[in-house]
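Enquirer: Below is the structure I would like to discuss, written out as structure tokens.
The values are calculated or read from the model by the stated rules, or taken from the named source; none is laboratory data. It should be emphasised that the depicted structure is a prediction, and the values quoted were computed from it without experimental measurement. We place every Cβ from the backbone using ideal geometry, glycine too, and count neighbours over all the protein chains shown. In case anyone asks, the SASA skips ligands and DNA or RNA and just uses the protein heavy atoms, side chains included. Shrake-Rupley method; radii C 1.70, N 1.55, O 1.52, S 1.80 Å.
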Amino acid sequence: MLTVTLSSMSILFFNFVLPQISKEFQLTNSQVSWVTSAYTLLYGIGTAIYGKLADRYKLKNLLIFGLLLFAIASLLGFFSNSYWVLLVARCLQATGAATIPATATLVPIRYFPLEKRGTAMGTVFIGTALGSALGPIVSSLVVSVVDWRWLFCIPLLLLLTLPFYLKYLGDEEGTNTSIDWLGGGLLALSVAQILLGVTNNAMWFIGGIVALVLFIYRIRLAKYPFIQPELFKNKTYISYLILAFFVTGIGYSLFFLTPLFLADVQNLPVNLIGVAMVPAAATTALLNRQGGKIADLKGTSTLFARRYRAFTRTKSTSSC
């Protein structure tokens, strides 16, 4: 939970100082957005890749490698004196940090019985909400006293968790599973080019569609595809995937747009921007573990049903 908290904080830290970074390096909004969007892109793709690697290699070794790379990238970011060095540091940070969500999902599955797994995962992912709540506060405090580059020092605290992982994580050997690196590369290329097409030039978008078509062709022919094509025949799985896409997209867009809105439209200083974003994140942290318990007792569909009923009641009240 502590590791996920610090990882979540590192994702959000720079959302609150994007106006400062944009001003220092003379960047447009689309250019400065890559400080966070490049991180999120590699973080998401890396999570899928590390999940594959966890089938083959020791979970302990993958996590230690990721945390060390995360720390080294944070030091590079601390000494960055140009936009491109900053961007490289954030990309390397994401490459290392991507081990964390993969591990955070696998630890409850491997070390907890089925009847306690929802509570365990809810407890672990309290870290996501805590990071969302603490990130704005810590970011505001740091930039009100020192330069924004000092935000890169916070993730170094993750090194303190290494002795515990070395002691408590097992030495289970993975299976000799083949990994379709070409398929993974095509998936990463397609997502990256589509994102570039949205923020820069439409030609990138066309390239992303071509790469996506090649990826679909690859997974249909490969002996050990990067993603099993049979998954997409499962209608329930696809519906949850679509739902996760929209929920995640809305969530990350709010974390990016809200600081810019508060800075450019409301003219709030950086320290107040962080404070303004705390209440919602704090509420999520408080309710996360309770959600895990409900999932254990009544299933995950109950959580979605409760959210839908709460939404419709809120909409009805607003209409009145």
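Enquirer: Given (1) crowded, with 22+ Cβ neighbours inside 10 Å; (2) at pLDDT below 85; (3) in contact with a Leu (Cβ under 8 Å, 6 or more places away or on another chain), identify the lone condition not met by Ala89.
Expert: Only one criterion is unmet by Ala89, namely (2).
Enquirer: Which one of Leu6, Leu2 is crowded, with 21+ Cβ neighbours inside 10 Å, under 22 Å from Ile72 (Cα atoms) and among the aliphatic types (A, V, I, L, M)?
Expert: Details: Leu2 fails: crowded, with 21+ Cβ neighbours inside 10 Å.
Only one candidate qualifies: Leu6.
Enquirer: I need the full set of residues from region 108-125 which are under 20 Å from the mean Cα position of the chain (by Cα), β-branched (Val, Ile, Thr) and open to solvent by less than 60 Å² (accessible area, probe 1.4 Å), in order please.
Expert: If the condition is that a residue be under 20 Å from the mean Cα position of the chain (by Cα), β-branched (Val, Ile, Thr) and open to solvent by less than 60 Å² (accessible area, probe 1.4 Å), then Thr123, Val124 are the ones that fit.
Enquirer: Additional query: Only one of (1) under 21 Å from Val32 (Cα atoms); (2) more than 23 Å from the chain's Cα centre (by Cα) is not met by Gly251, so which one is it?
Expert: The single condition Gly251 does not satisfy is (2).
Enquirer: Same structure again: Any idea which residue in region 145-169 is modelled with the lowest pLDDT, counting only those that are open to solvent by 60 Å² or more (accessible area, probe 1.4 Å) and aromatic (Phe, Trp, Tyr)?
Expert: Tyr168
Enquirer: Looking only at region 14-30, which residues are part of a helix (DSSP H, G or I) and at pLDDT 80 or above? Even if it seems obvious, please write down each step before you answer.
Expert: Step one: filter region 14-30 for residues part of a helix (DSSP H, G or I), giving 14-25, 29-30.
Across region 14-30, the qualifying residues are Phe14, Val17, Leu18, Pro19, Gln20, Ile21, Ser22, Lys23, Glu24, Phe25.
Enquirer: Is region 126-135 home to any residue that is more than 25 Å from the chain's Cα centre (by Cα) and either buried (at least 19 other Cβ atoms within 10 Å of the Cβ) or modelled with pLDDT under 80 (or both)? I'd like the intermediate steps shown before the answer.
Expert: Initially, region 126-135 is screened for residues more than 25 Å from the chain's Cα centre (by Cα), giving none.
No, that holds for no residue.
Enquirer: Suppose the filter is in contact (Cβ under 8 Å) with a residue 24 or more places away in the chain, surrounded by 17 or more Cβ atoms within 10 Å (Cβ to Cβ) and under 12 Å from Ile100 (Cβ atoms); does Leu18 pass it? Outline the logic, then answer.
Expert: Details: in contact (Cβ under 8 Å) with a residue 24 or more places away in the chain: yes; surrounded by 17 or more Cβ atoms within 10 Å (Cβ to Cβ): yes; under 12 Å from Ile100 (Cβ atoms): no.
Here the answer is no, as Leu18 does not meet what is asked.
Enquirer: Moving on. So the check is Cβ under 7 Å with 6+ separation or different chains; which pairs have a first residue in region 203-215 that's farther than 19 Å from Pro225 by Cα and a second one that's of a type in the set (Gly, Ala, Ser) and open to solvent by less than 70 Å² (accessible area, probe 1.4 Å)?
Expert: Pairs found: Trp204/Gly197; Phe205/Gly197; Gly208/Ser190; Gly208/Gly197.
Enquirer: Kindly provide the set of residues from region 2-13 that are hydrophobic (A, V, I, L, M, F, W, C) and either at pLDDT below 85 or over 21 Å from the mean Cα position of the chain (by Cα) (or both), ordered by number.
Expert: Initially, region 2-13 is screened for residues hydrophobic (A, V, I, L, M, F, W, C), giving 2, 4, 6, 9, 11-13.
Across region 2-13, the qualifying residues are Met9, Ile11, Leu12, Phe13.
Enquirer: Quick one: in region 188-240, which of the residues that are over 17 Å from Ile49 (Cβ atoms) and touching a Leu at 6+ places or on another chain (Cβ under 7 Å) is most open to solvent (accessible area, probe 1.4 Å)?
Expert: The selected residue is Trp204.
Enquirer: Now for a separate question. Kindly indicate whether Ile100 is open to solvent by 60 Å² or more (accessible area, probe 1.4 Å) and hydrophobic (A, V, I, L, M, F, W, C).
Expert: It is false that Ile100 is open to solvent by 60 Å² or more (accessible area, probe 1.4 Å) and hydrophobic (A, V, I, L, M, F, W, C).
Enquirer: Let me ask something else. So if I check each of Gly51, Gly46, Gly77, which one is in a helix (DSSP H, G or I), small (Gly, Ala, Ser) and open to solvent by 20 Å² or more (accessible area, probe 1.4 Å)? Walk me through how you get there before you give the answer.
Expert: Details: Gly46 fails: open to solvent by 20 Å² or more (accessible area, probe 1.4 Å); Gly77 fails: open to solvent by 20 Å² or more (accessible area, probe 1.4 Å).
Step by step, each of Gly51, Gly46, Gly77 is checked, and only Gly51 is in a helix (DSSP H, G or I), small (Gly, Ala, Ser) and open to solvent by 20 Å² or more (accessible area, probe 1.4 Å).
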